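Read the figures in this text as sums done on the coordinates, not as results from a lab. Keep in mind that this is a model prediction, so the values were computed, not measured. Glycine also receives a Cβ, built like all others from the backbone with ideal geometry; neighbour counts cover every protein chain displayed.
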Amino acid sequence: MNFSELARARYSVRAFQQKEIRDEDLNAILEAGRVAPTACNNQPQKIYVVKSPALRQKLAAVCPCTFDAPTVIVMGYDKTRDWKNRRMPGYSSGETDAAIVCTHMMLAAFERGVGSCWVGVFNAEEVANTLGLPENVRVTSLLPIGYPADGAKPLEMHSQYRDLDDTVTFL
């Protein structure tokens, strides 16, 4: 499958098989995140792999969308490592860098038959407190991952795209 086919075929999985992700699959997913581009190559990403049933249950209590996945990746960034733009006071690359890393992992997961769903419905402080994360880490997204359950399929609107001329302007 080429990249364009992969990008079109990937969808948000919300139902998972209850089996562990093979180590080689999980390591390939994490490696895709490791090599993702970040501003000035500062690599501020912090990736927490939550596999423990007890921790996943605690996480589900503060985030309604973990979908009982066998693994949940908690994505964030280290606020002491992100790039600050001197020309734009207050700008930090951390959230963008974490999003790029998360996207790489999502696509790598799909390529290996592992489903995922980008989740942004949670309180970042509650998630950080639940997992006991350090104060310098800001949580940006959750990525429940696992092998899709039988019958898992994209939502009906998955293949509905706005026209390119509605989203792109040539100047």
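What residues have an amide H closer than 5 Å to that of V50, excluding those fewer than 5 places away on the same chain, when H is modeled at 1.01 Å from N in the peptide plane?
Amide H neighbours of V50, under 5 Å, 5+ apart: V72, I73, V74.
From the P(r) of segment 1-72, can you give the percent of Cα pairs sitting at distances over 14 Å?
73
Keeping to pairs on different chains or 8 or more places apart, tell me how many lysine pairs in the chain have Cα atoms under 21 Å apart.
6
So which chymotrypsin sites (Phe, Trp or Tyr not before Pro) in segment 63-96 end up in coil per DSSP with only 15 or fewer other C-beta atoms within 10 Å?
Answer in residue order: Y91.
Got a sec? How would K46, K153 order by Cβ neighbour count within 10 Å, fewest to most?
The fewest-first ordering by Cβ neighbours comes to K153, K46.
With θ set to phi - 60°, apply the Karplus curve 6.51 cos²θ - 1.76 cosθ + 1.60 along segment 86-101 and write out the HN-Hα couplings as whole Hz, x wherever there is a Gly or Pro.
These are the phi-based 3J(HN,Hα) values: 5, 8, 10, x, x, 7, 10, 7, x, 5, 5, 4, 4, 5, 5, 4 Hz.
For a quick check of your reading of the filter: which GluC sites (Glu not before Pro) in segment 84-171 sit in a DSSP loop and have no more than 16 other Cβ atoms within 10 Å?
E135
I need S4, S92, S52, S141 ordered by Cβ neighbour count within 10 Å, fewest first.
Final ranking by Cβ density, sparse to dense: S4, S52, S92, S141.
In terms of the ratio Rg/(2.2 N^0.38 Å) built on C-alpha atoms, what value belongs to segment 12-150?
Ratio of Rg to 2.2 N^0.38 Å for segment 12-150: 1.03.
Among L26, L155, which comes first, second and so on when ranked by fewest other beta-carbon atoms within 10 Å?
Fewest-to-most ranking of L26, L155: L155, L26.
If you take the beta carbon distance between D163 and E95 as r and set R0 to 35 Å, what does 1/(1 + (r/R0)^6) give as a FRET efficiency, to the nearest 0.05?
Rounded to the nearest 0.05, the efficiency is 0.75.
Using per-residue counts of other Cβ atoms within 10 Å, averaged over each peptide, order 32-40, 101-109 from highest down.
So the peptides 32-40, 101-109, ranked by packing, come out 101-109, 32-40.
Loop only per DSSP, at most 14 neighbouring Cβ atoms within 10 Å: give me the chymotrypsin sites (Phe, Trp or Tyr not before Pro) in segment 111-167, ordered by residue number.
Within segment 111-167, the qualifying chymotrypsin sites (Phe, Trp or Tyr not before Pro) (loop, at most 14 other Cβ atoms within 10 Å) are Y161.
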